[in-house]
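Peer 1: Once you've had a glance at the structure underneath, I'll fire off some questions.
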Amino acid sequence: MITFDQVTVHYDDASRPALREVDLTVEEGELCLVVGHTGVGKSTLLGAVNGLVPHFTGGTLYGRVIVDGRDTAHHPPRELADVVGVVGQDPIDGFVTDTVEEELAYTLEQLAVPAPTMRKRVEETLDLLGLADLRHRALHELSGGQQQRVAIGSVLTAHPRVLVLDEPTSALDPTAAEEVLAAVTRLVHDLGVTVLMAEHRLERVVQYADRVIHLPGGGQVVSGLPADILRTSSIAPPIVELGRAADWSPLPLSIRDARRAATGLRTRLTGRTPLPARSGPAPEGPALLTARGVTVSYQGVPAVRGVDLALRGGEVTALMGRNGSGKSSLLWALQGSGPRRAGSVTVDTGAGSTSDPHAVSASDARRMVGLVPQTPADLLYLESVRQELDQADSESGRGGTAVPTVGLGDSARAILDRLAPGIDDSTHPRDLSEGQKLALVLAVQLSAAPRVLLLDEPTRGLDYRAKNQLIGMVDALAAEGRAVVISTHDVEFVARAADRVVVMAEGDIVADGPTTEVIVASPAFAPQTAKILAPLPYLTVEQVVSGLDHPSGTGAGA
């Protein structure tokens, strides 16, 4: 179905090719998982399948890419639209209509599909992705996860033979992600659709893959069976890391298989108390931010209902809940920029004084409460990475001098290099991958060293290595007495990074407590290690390794 024949892609302003002499064949009806660290060329590989590379992106493509018998060098994307459906990293960039139903029908209109068939396919897709209740909603009113499902549905209506998905579950809560992946696998198994899927949250998708295409870097591509590739790859989900640590063979890729393999491991760990998943002193002292009765509504529809919340310095809080539960609305209300129909927010500004971030200047508010939005690119408006970093340093009062910033370096550039090393100063921010954009915005916001930091889906687009670096930065912020709130659907990240979990539903807080208690209370929020080793109280692979290395004494928490 798809053939790469000695394919090399070189962008004009790049020092080395994004892809180098790639030979690859994808058969009909295969679900191929494309993995690799941020910036290694996954999006370039996917873009070459429907001709976006190089017809739209520029650069030079050497070799041939053949899709269903068509050479992409001679068939631009519009001539492959009936064969290849593509969903990009940022779904809103691809929307062309106003409502959900119109968006699902748009591709069919362009392909001149008869009206009766069009109506039938739209209805099928609405049911398939759980969008029926949203059919008349405006796209801009949807949450990020809802927009992602609409974007996937808009290409599924055309019944493409090849489906290319770039981070399809990145904005979805665990339950919604399972629904989307179930729909995708149904297309593969029942209709023979060929799927290429790039995804950083491998724990969600690896069990469904027929094959893994690994980009280790340097433009190279390695392809093989999932267990074979992941046993030695530099990127792997927790279930694989646990299998490596326990030396399981064959390497399990599903929770069910891992639980069967883990009988002996559970016996070895029984009776031992694991070390805390996140090390660090317990938060002490008064709250840095206090919210009372915060209420947010849009056109009379409540999004946040009288929420009370206190954030203490040194504490990392994860804000969780299904898509549309009010998480983003709450964060914007706490930051001061978002609407607040009722309630109060006060931030401790030091020396016994407090202030409402909504009542001060933008620069002062940025030093009190920093917020990284769900779409980080919304904060990027200059022509190069260097300009964005210099502007951040200028607004933070650095002026090029070395000012300590929560142990994170002395400039926005230093922070960026820790999160996503290797980003060139001259690169336009819009040309970065989603993970690199997020890293740049984090660097911009963290350069002001705010006392309270709010992150809305910060791990979206980040690989495991970048998540580890982000955890290190969050730990450093907390260690310096900052309060950090992370709104996320990434349960594996929460298990390692958060002291406390707050769960929202329909605008209300329905759970608030220690991470170890809250995330294992629901199977949807439990991390892989907890599912595999239940009922033992282990959340992360690191806890398991520590327990095995130190069978007694303080190393095992005994």
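Peer 1: Where the centre of each part is set by its Cα atoms, how far does segment 352-395 sit from segment 18-76, in angstrom?
Peer 2: 37 Å
Peer 1: Once every Cα of the chain carries one equal point scatterer and solvent is ignored, give the base-10 log of I(q)/I(0) from the Debye formula at q = 0.07, 0.09, 0.11 Å⁻¹, two decimals.
Peer 2: After summing over all Cα pairs, the log10 values are -0.41, -0.70, -1.07.
Peer 1: What accessible area per residue comes out for segment 57-123, rounded to a whole number of Å², with a 1.4 Å probe?
Peer 2: 53 Å²
Peer 1: So how strong a dipole does segment 132-270 carry about its Cα centre when Lys and Arg Cβ are +1 and Asp and Glu Cβ are -1, to the nearest 20 debye?
Peer 2: Around 340 debye, computed over segment 132-270.
Peer 1: Using the 2.2 N^0.38 Å rule of thumb for compact globular proteins, work out how segment 1-159 stacks up: its C-alpha Rg over that value, please.
Peer 2: Taking N as the residue count of segment 1-159, the ratio is 1.13.
Peer 1: Sticking with this one: Choose one of G313, G94, L104: the residue whose Cα lies farthest towards the positive end of the charge dipole of the chain (beta-carbon charges +1 Lys, Arg; -1 Asp, Glu; about the Cα centre).
Peer 2: In the chain, that residue is G313.
Peer 1: Can you sort T3, T540, T354 by 1.4 Å-probe accessible area, starting with the largest?
Peer 2: T354, T3, T540
Peer 1: Same structure, new question: Could I have the simple spin-label model distance between R465 and D308, label points 7 Å from Cα toward Cβ, reported in nm to one decimal?
Peer 2: 4.7 nm
Peer 1: Run lengths n ≥ 4 of DSSP H only: what is the helix-derived mean residue ellipticity at 222 nm for the chain, with -39500 (n - 2.57) per run over all residues, to the nearest 500?
Peer 2: For the chain, the value works out to -10000 deg cm²/dmol.
Peer 1: Over segment 111-232, calculate the relative contact order: mean separation of alpha carbon pairs under 8 Å at least 6 apart, over the residue count, as a percent.
Peer 2: The normalised contact order for segment 111-232 reaches 19 percent.
Peer 1: Could you tell me the relative contact order of segment 106-183? Use alpha-carbon pairs under 8 Å, at least six residues apart, and round to a whole percent.
Peer 2: Contact order relative to length: 37 percent.
Peer 1: Starting from 0.36 nm per residue, how many nanometres of slack lie between R78 and A521 once their C-alpha separation is accounted for?
Peer 2: 154.7 nm is the gain from fully extending R78 to A521.
Peer 1: Full-extension gain between T346 and D508, please, as 0.36 nm times their residue separation minus the C-alpha to C-alpha distance.
Peer 2: Additional length available on full extension: 56.3 nm.
Peer 1: Here's a follow-up. Would you mind telling me the share, in percent, of accessible area of the chain contributed by carbon and sulfur at probe 1.4 angstrom?
Peer 2: Carbon and sulfur: 49 percent of the exposed surface of the chain.
Peer 1: Would you mind listing how long segment 440-538 runs along its three principal axes, going by Cα atoms, in whole Å with the largest first?
Peer 2: 42, 32, 25
Peer 1: Would you kindly find the accessible area of D308, with a 1.4 Å probe and non-protein molecules such as ligands, DNA and RNA excluded, rounding to the nearest 10 Å²?
Peer 2: Surface open to solvent at D308 totals about 90 Å².
Peer 1: What ranking do 499-507, 154-162 get when scored by the average of other Cβ atoms within 10 Å per residue, highest first?
Peer 2: By packing density, highest mean first, the sequence is 154-162, 499-507.
Peer 1: Then there's this: With the crude spin-label approximation of a point 7 Å out along Cα→Cβ, what separation in nm comes out for K531 versus R386?
Peer 2: About 4.7 nm, to one decimal.
Peer 1: Taking amide H atoms as placed 1.01 Å from N in the peptide plane, list the residues 5 or more away in sequence, or in a different chain, whose amide H sits under 5 Å from that of T354.
Peer 2: Amide H neighbours of T354, under 5 Å, 5+ apart: T349.
Peer 1: What whole-number value in Å² describes the accessible area per residue of segment 171-311 for a 1.4 Å probe?
Peer 2: Here the per-residue accessible area is 44 Å².
Peer 1: Further question on the same structure: Given the Cα-Cα distance of T427 and T175 and 0.36 nm per residue of separation, how much length would full extension add, in nm?
Peer 2: Full extension from T427 to T175 adds 87.0 nm.
Peer 1: Right, something else. Please state the charge dipole magnitude for the chain, taken about the Cα centre, from unit charges on C-beta atoms (+1 on K and R, -1 on D and E), reported in debye and rounded to the nearest 20.
Peer 2: 1320 debye
Peer 1: Compare the Cα positions of V301, Q436, G513 along the charge dipole of the chain (+1 at Cβ of Lys, Arg; -1 at Cβ of Asp, Glu; about the Cα centre) and return the one farthest towards the positive end.
Peer 2: The residue sitting most towards the positive pole is G513.
Peer 1: Same structure, new question: Order the peptides 198-204, 121-127, 339-345 from the highest to the lowest mean number of other Cβ atoms within 10 Å of their residues.
Peer 2: 198-204, 121-127, 339-345
The values are calculated or read from the model by the stated rules, or taken from the named source; none is laboratory data. Just so it is clear, the structure is predicted and the values come from calculations on it, not from any experiment. We place every Cβ from the backbone using ideal geometry, glycine too, and count neighbours over all the protein chains shown. Ligands, DNA and RNA are stripped out before the accessible areas are found, and what is left, the full protein with its side chains, is counted by its heavy atoms. Shrake-Rupley method; radii C 1.70, N 1.55, O 1.52, S 1.80 Å.
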